[in-house]
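Working notes, structure below.
The values are calculated or read from the model by the stated rules, or taken from the named source; none is laboratory data. Computed from a prediction, not measured in an experiment: that's the story for all the values here. Because the Cβ atoms are built from the backbone with ideal geometry, glycine has one as well, and the counts that use them run over all protein chains shown.
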Protein chains: 2
Amino acid sequence: MAYSSARPRAVVLLSGGLDSATAAAIASQEGFDVYALTVAYGQRHLREIESARAVARALGVVRHVELQVDLSAFGGSALTDAIDVPKDRDLAAADIPATYVPARNTVFLSLATAWAEALGARDIYLGVNALDYSGYPDCRPEFIEAFERLAALATKAGVEGAPLRIHAPLIRLTKAGIIRRGLELGVDYGLTHSCYDPDALGRPCGHCDSCLLRAKGFAEAGVKDPAL
Amino acid sequence: MAYSSARPRAVVLLSGGLDSATAAAIASQEGFDVYALTVAYGQRHLREIESARAVARALGVVRHVELQVDLSAFGGSALTDAIDVPKDRDLAAADIPATYVPARNTVFLSLATAWAEALGARDIYLGVNALDYSGYPDCRPEFIEAFERLAALATKAGVEGAPLRIHAPLIRLTKAGIIRRGLELGVDYGLTHSCYDPDALGRPCGHCDSCLLRAKGFAEAGVKDPAL
């Protein structure tokens, strides 16, 4: 296999949101050539796919794959079905909200694992965060650790003694901490999109969980959101 | 949610091959309404998708979803790329052959998990087999157990105390044992397709791992293969 540079390869899950843009910048800063994977999973709006393209271009990734996986065929989420996105929700509530997409991060990581193995990459980055988040089960450290154990058993590389490493560099950061880290690395948050329910022009609603968490993060970081 | 019957639901991964047809028949016999999932993952031939449809119809599944997930975008396998399928290979060899598709069963199980959670199903069946098989890492019992642990952490149902059960009822059977079990359950193996490299008319090559294992199974079971 021909390598284009001496840097090792990492697959980065890139949604077009603030967190994954930061995770991608961290992967690059940590010495990896970035292979960005965006999954078009049947989300109701494609605004975030456009953001993923812009972020990938700005980061200068080696390759950006957009893969169609229509999870809306299964239903069960406000993000893929005609279920209302909850607004102005109490983010401290313990329940898992309607925007949860069943097994989304398991699907995303399994696809990243497939690509990593085909590329000869040993590293996967994703921007999950277990502090300022919506309470999704597949954003917790114990989920990431369980996936890493699975990948070691699931892959040829793992069997041959070179298991994948799953990097979740934001998992214990606050949203403000993520933004500060990204700004240090030169991430242009004006290219990112977080809203679960944008209007027809792609403008954020300001009231879904994702908008609320983003606003809280920029406020706490003492920075104006360049996307607004 | 309205249930069409009193039987619980199970998601069954259905490839159109001999093993998954048998696993689906076992799920039905064990009391489940079968929701069959076939993943069109960019395999070079679509003959097995046609077989999956025929098997689903014959079994009377409640629903059959065919999901496109183009793993050929990642490359790395003789089943999705322009790499030759190995012929007349020594099946006792310890190496993982070129027909291995990186992380395929991890991707398939993650998709089945997504659908199971959306359906309110607690059970997933798949036809993996660790005895008469090609040595793929993601066909081993330890892989299945690791996925079950992951799913318990990954899903809302798992967090709420109702984790998924991953059933691999063929995992310790020989190919002949699988065939005998399926025939008892009335599986029509004439509808199934196993070959990795069929000709333009969809006829099996007789020389790939999958053809060799199938032929060995029917010979040991003392039954003529109705697909030939």
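For the stretch A:119-136, give me each residue that is at pLDDT below 95 and outside any loop (DSSP other than H, G, I, E, B).
Of everything in the stretch A:119-136, just one residue is at pLDDT below 95 and outside any loop (DSSP other than H, G, I, E, B), namely A:Leu119.
Do you know which of the residues in the stretch B:4-42 that are assigned to a loop (DSSP other than H, G, I, E, B), in contact with a helix residue (DSSP H, G or I) (Cβ under 8 Å, 6 or more places away or on another chain) and not small (Gly, Ala, Ser) is surrounded by the most Cβ atoms within 10 Å (Cβ to Cβ)? Don't jump to the end; show me each part of the working.
Applying the first criterion (assigned to a loop (DSSP other than H, G, I, E, B)) to the stretch B:4-42 yields B:4-8, B:14-17, B:30-32, B:41-42.
From the residues that got through so far, the ones that are in contact with a helix residue (DSSP H, G or I) (Cβ under 8 Å, 6 or more places away or on another chain) too are B:14-17, B:41-42.
Those left that are additionally not small (Gly, Ala, Ser): B:14, B:41.
Numbers: B:Leu14: 31, B:Tyr41: 21.
Result: B:Leu14.
What is the residue count in the stretch B:35-65 for residues that are over 17 Å from B:Asp188 (Cα atoms) and hydrophobic (A, V, I, L, M, F, W, C)? Talk me through it step by step, then tell me what you get.
Just the residues of the stretch B:35-65 that are over 17 Å from B:Asp188 (Cα atoms), to begin with: B:35, B:37-46, B:62-65.
Narrowing further to those that are hydrophobic (A, V, I, L, M, F, W, C): B:37, B:39-40, B:46, B:62, B:65.
Qualifying residue count, the stretch B:35-65: 6.
Can you give me the number of residues within the stretch B:140-194 that are within 14 Å of B:Gly17 (Cβ to Cβ), touching a Leu at 6+ places or on another chain (Cβ under 8 Å) and not hydrophobic (A, V, I, L, M, F, W, C)?
Going through the stretch B:140-194 one residue at a time, the tally reaches 5.
Criterion first (on the phi > 0 side of the Ramachandran plot, of a type outside the set (D, E, K, R) and at pLDDT 95 or above) does B:Gly186 satisfy it? First the steps, then the outcome.
Details: on the phi > 0 side of the Ramachandran plot: yes; of a type outside the set (D, E, K, R): yes; at pLDDT 95 or above: yes.
Taking the combined requirement at face value, the residue satisfies it.
Mind listing just one residue for me: the one in the stretch B:145-162 that is farther than 17 Å from A:Glu148 by Cβ and in contact (Cβ under 8 Å) with a residue 12 or more places away in the chain and, of those, farthest from the other protein chains (Cβ to nearest Cβ)? If you could, list the steps in order and put the result at the bottom.
Restricting attention to the stretch B:145-162, the residues satisfying the condition of being farther than 17 Å from A:Glu148 by Cβ are B:155-162.
If we keep only those that are in contact (Cβ under 8 Å) with a residue 12 or more places away in the chain too, we end up with B:155-157, B:162.
Values: B:Thr155: 6, B:Lys156: 5, B:Ala157: 9, B:Ala162: 12 Å.
In this case the residue turns out to be B:Ala162.
Can you tell me which residue is nearest to the other protein chains (Cβ to nearest Cβ) among those in the stretch B:51-87 that are acidic (Asp, Glu), in a loop (DSSP other than H, G, I, E, B) and under 23 Å from A:Leu111 (Cα atoms)?
Of the stretch B:51-87, the ones acidic (Asp, Glu) are B:66, B:70, B:81, B:84.
Now narrow it down to the ones that are in a loop (DSSP other than H, G, I, E, B): B:70, B:81, B:84.
Narrowing further to those that are under 23 Å from A:Leu111 (Cα atoms): B:70, B:81.
Details: B:Asp70: 7, B:Asp81: 9 Å.
It comes out as B:Asp70.
Does B:Gly202 satisfy the condition of being surrounded by fewer than 21 Cβ atoms within 10 Å (Cβ to Cβ), modelled with pLDDT under 90 and more than 10 Å from every other protein chain (Cβ to nearest Cβ)?
On the way: surrounded by fewer than 21 Cβ atoms within 10 Å (Cβ to Cβ): yes; modelled with pLDDT under 90: yes; more than 10 Å from every other protein chain (Cβ to nearest Cβ): yes.
Criteria met by B:Gly202.
Please enumerate the residues belonging to the stretch A:172-193 that are in contact with an Asp or Glu (Cβ under 8 Å, 6 or more places away or on another chain) and among the hydroxyl-bearing types (Ser, Thr, Tyr). Before the answer, list the steps.
Step one: filter the stretch A:172-193 for residues in contact with an Asp or Glu (Cβ under 8 Å, 6 or more places away or on another chain), giving A:174-176, A:178, A:189, A:193.
Of everything in the stretch A:172-193, those that are in contact with an Asp or Glu (Cβ under 8 Å, 6 or more places away or on another chain) and among the hydroxyl-bearing types (Ser, Thr, Tyr) turn out to be A:Thr174, A:Tyr189.
A:Ala93 fails exactly one of the following numbered conditions: (1) surrounded by fewer than 22 Cβ atoms within 10 Å (Cβ to Cβ); (2) out of contact with any Gly (no Cβ under 8 Å at 6 or more places or on another chain). What is the number of that condition?
If we test A:Ala93 against (1) surrounded by fewer than 22 Cβ atoms within 10 Å (Cβ to Cβ); (2) out of contact with any Gly (no Cβ under 8 Å at 6 or more places or on another chain), just (2) comes out false.
What about B:Arg104, is it of a type in the set (D, E, K, R) and buried (at least 19 other Cβ atoms within 10 Å of the Cβ)? First the steps, then the outcome.
On the way: of a type in the set (D, E, K, R): yes; buried (at least 19 other Cβ atoms within 10 Å of the Cβ): yes.
Judged against the criteria, B:Arg104 is a match.
Quick one: would you say A:Ala116 is surrounded by 17 or more Cβ atoms within 10 Å (Cβ to Cβ) and in a loop (DSSP other than H, G, I, E, B)?
Numbers: surrounded by 17 or more Cβ atoms within 10 Å (Cβ to Cβ): yes; in a loop (DSSP other than H, G, I, E, B): no.
Considered against the rule, which asks whether it is surrounded by 17 or more Cβ atoms within 10 Å (Cβ to Cβ) and in a loop (DSSP other than H, G, I, E, B), A:Ala116 comes out as no.
Can you tell me which of B:Val101, B:Val128 is under 24 Å from A:Asp70 (Cα atoms) and β-branched (Val, Ile, Thr)? Break it down into steps so the answer makes sense when it comes.
Values: B:Val128 fails: under 24 Å from A:Asp70 (Cα atoms).
Matching residue, one of B:Val101, B:Val128: B:Val101.
Does A:Thr174 qualify as being in contact (Cβ under 8 Å) with a residue 40 or more places away in the chain and surrounded by fewer than 23 Cβ atoms within 10 Å (Cβ to Cβ)?
Working: in contact (Cβ under 8 Å) with a residue 40 or more places away in the chain: yes; surrounded by fewer than 23 Cβ atoms within 10 Å (Cβ to Cβ): yes.
The answer is yes for A:Thr174.
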